[in-house]
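Coordinate-derived values only; no laboratory data. Because the structure is predicted, anything quoted here is derived from the model rather than measured. Don't worry about glycine lacking a Cβ; one is built from the backbone with ideal geometry, like all the others, and counts go over all protein chains shown.
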Amino acid sequence: MKEVDARGLSCPEPLMLTAEALKNADGPVKVIVSEPHQKMNVEKYAKDHGKKAVSTEKDGCFEVVIE
Amino acid sequence: MNFNLSDSKKKLALAGVVCGLVAAVLAYFGNPANMAICIACFIRDTAGALGLHQAAVVQYARPEIIGIVIGAFAISVATKEYRSTAGSSPMIRFVLGMVIMIGSLVFLGCPLRMVIRMSAGDLNAWVALIGFILGVSTGAIALKNGFSLGRAHETQKESGAVLPVLMAGILVLLLCTSLLKFSESGPGSMHAPIIVSLIGGLVFGAFAQKSRMCFAGSIRDIVLMRNFDLITVIGGLFVVMLIYNIATGNFTPAFDTPGVVAHSEHLWNILGMYAVGFAAVLAGGCPLRQLVLAGQGSSDSAVTVAGMLVAAALCHNFGLASSGTALDAETGELVAGAVTPAGKVACVICIVVCFIIAFTNKRESAK
């Protein structure tokens, strides 16, 4: 699975990296972010682009799997 | 406690309406009419109150600033969004904070005040909007080219609470001592009662935190991702202030309205807000967003706020701040507001600094 580590990056970098990864990926993409609002932004971006997003909290960060 | 204001456009617009109402109430109760709540002006007034500059007409520890930081802090703790972080190029952010303040004081207002001025019919603010959009767009181009200030990391959780505690300290000084300076005339002397300002700030900070309100971010998201979520918040605020201004007779569509702390030097209105928009995108948010992020634990944003505070003092110590169009008290003649020569030089330097920062700091993967 393609992984995007966007922990600690300022807005809108996590979203830009997510968009880039989704454009180039065939399968699911895992995005790791550290802030709750970034988790939500990534989930919303996935939904807006017709994809499913499942989030889990792990070690104080959020893993969002988009497929 | 779990409530979220950023998952639908309706809620975002509602958050904007609430913040607009706060601004209207503050203006109604005595804040300068079309300043209502201006982050740059109010940080500048606070710098004056602390004696960092000696411009007697702009010295007052604005409880709105204190309230916004503490409001964002409290709501982020309550909703488990508080995270103490630091380490994303803090001193570059300090410089960006300085640029934001200098650009704002050349134009005479932060992006929030630009929107409030627009809602009062001030055509100079509409001109400045062109510069702001261009500045944000330049920042967006830098982002597309791989600009990044690097990652922030988790720090001791006390670190993120320092700015909120310092703000509480200023409030104690304001309420319990006579150490702070107070303007006896000019914009600094015009203010709502402390309790109204403080509550207004707390509400504004809390709603801004939950809605992620950001003036630079709203335009950046449109430019970069055709996303209209954040602009919805600004739209809500604008509409409320527009109605308030029309209802109270403060809506004057003109360039040279005296007494509203604005000038009509179009080029410098554009360049001032160009610098602000550019720097705000590089710093990840407008002045308001920096206060809110600092409240929710970002030491990097707290450093940006410190940069704004220091630059505010420098602006008045070095004569960089513009003057507003006013009526001469004796002759009754209109005296046009102006940008100072030093302010023009500083503004150009700020833009050059933004370009250097924008195109020398790259994401690891983009190097």
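Go through (1) within 19 Å of residue B:206 (Cα to Cα); (2) assigned to a loop (DSSP other than H, G, I, E, B) and name the single condition residue B:236 misses.
(2)
Would you confirm whether any residue within region B:28-37 is over 19 Å from the mean Cα position of the chain (by Cα) and part of a loop (DSSP other than H, G, I, E, B)?
Yes.
Looking at region B:252-283 only, could you name the residues that are small (Gly, Ala, Ser) and either surrounded by fewer than 18 Cβ atoms within 10 Å (Cβ to Cβ) or in a helix (DSSP H, G or I) (or both)?
B:254, B:259, B:272, B:275, B:277, B:279, B:280, B:283
Could you tell me how many of the residues in region A:17-41 are surrounded by 14 or more Cβ atoms within 10 Å (Cβ to Cβ), away from chain B (no Cβ under 12 Å) and part of a helix (DSSP H, G or I)?
Here the count works out to 1.
Let's see how each residue does on (1) touching a residue at least 24 places away in the same chain (Cβ under 8 Å); (2) more than 18 Å from residue B:114 (Cα to Cα):
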| site | (1), (2) |
| --- | --- |
| B:140 | yes, yes |
| B:149 | yes, yes |
| B:161 | yes, yes |
| B:167 | yes, yes |
| B:196 | yes, yes |
| B:210 | yes, yes |
| B:221 | no, yes |
| B:231 | no, no |
| B:253 | yes, no |
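When you scan region B:102-112, do you find a residue that is part of a loop (DSSP other than H, G, I, E, B), touching a residue at least 24 places away in the same chain (Cβ under 8 Å), out of contact with any Gly (no Cβ under 7 Å at 6 or more places or on another chain) and within 23 Å of residue B:297 (Cβ to Cβ), even just one?
yes
Looking at B:81, B:64, can you tell me which residue is touching a helix residue (DSSP H, G or I) at 6+ places or on another chain (Cβ under 6 Å), within 20 Å of residue B:284 (Cβ to Cβ) and acidic (Asp, Glu)?
Result of the check over B:81, B:64: B:81.
Take the residues in region B:284-301 that are in contact with a Cys (Cβ under 8 Å, 6 or more places away or on another chain) and part of a helix (DSSP H, G or I), then tell me which one is nearest to the other protein chains (Cβ to nearest Cβ).
Checking each candidate, the answer is B:289.
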